[in-house]
Amino acid sequence: MRNDAYPDAFMRDILAAVKTIAVVGASNRKKRPSYGVFAYLLARGYQVIGVNPGLAGKSVHGTAFFKTLADVPGAIDMVDIFRNSAAAGGVVNEALALNPRPKVIWMQLGVRDDAAAARAQALGVKVVMDRCPKIEYERLAIRNA
């Protein structure tokens, strides 16, 4: 799949199918986009897990934060990357090392790493880059039951 245009059906299928989302780079600062997206996804019924070494062991939105993806107990359906493009490849590698692997790797607005996307796709993981799940959820009017 090209990583600059995503069919609505592809996006809708992802957002309707995933249940557990790890937000890497989630923040406890209310003015940060990751804080708002985290809260939005929680309010839509997703199980959202924060991954941020600086907040590990703390709780934001009533949810425990972890230092790394490997520290998260249980399976993760989607990894949402709120880090810059230079850091995205390392996060993707960490996600691909999980067992089981996530079904989806999502890179936030402005975040792209084509080589990392290719590595994930070669292993059967769906990839979305330079998009926000909150925006796509609203745009597609997803119903997550």
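Odds and ends about this structure:
- Computed [θ] at 222 nm, deg cm²/dmol, the chain (DSSP H ≥ 4; -39,500 (n - 2.57); rounded to nearest 500): -10000 deg cm²/dmol
- Neighbour-count ranking [beta-carbon atoms within 10 angstrom, fewest first] of Asp77, Asp13, Asp113: Asp13, Asp77, Asp113
- Other-chain or far-sequence residues with amide H under 5 Å of Asp80's (modelled H): Ala22, Val23, Val24, Trp106
- Residue order, fewest to most surrounding Cβ atoms within 10 angstrom, among Ile135, Ile76: Ile135, Ile76
- By other beta-carbon atoms within 10 Å, ranking Glu94, Glu138 with the fewest at the front produces Glu138, Glu94.
- The per residue volume of the convex hull around the alpha-carbon atoms of region 1-74 is 122 Å³.
- Stokes-Einstein D (µm²/s) once Rh is taken as the Kirkwood radius of region 8-140 over alpha-carbon pairs, at 4 °C in 1.567 mPa s: 90
- Helix runs (DSSP H) in the chain reaching 18 Å along axis by Cα, Kyte-Doolittle at least 0.0: none
Each value in this text was obtained by applying a stated rule to the coordinates, not by laboratory testing. Quantities reported herein were computed from a predicted structural model and do not represent experimental measurements. Note that each Cβ is placed from the backbone with ideal geometry, even for glycine, and that neighbours are counted across all protein chains shown.
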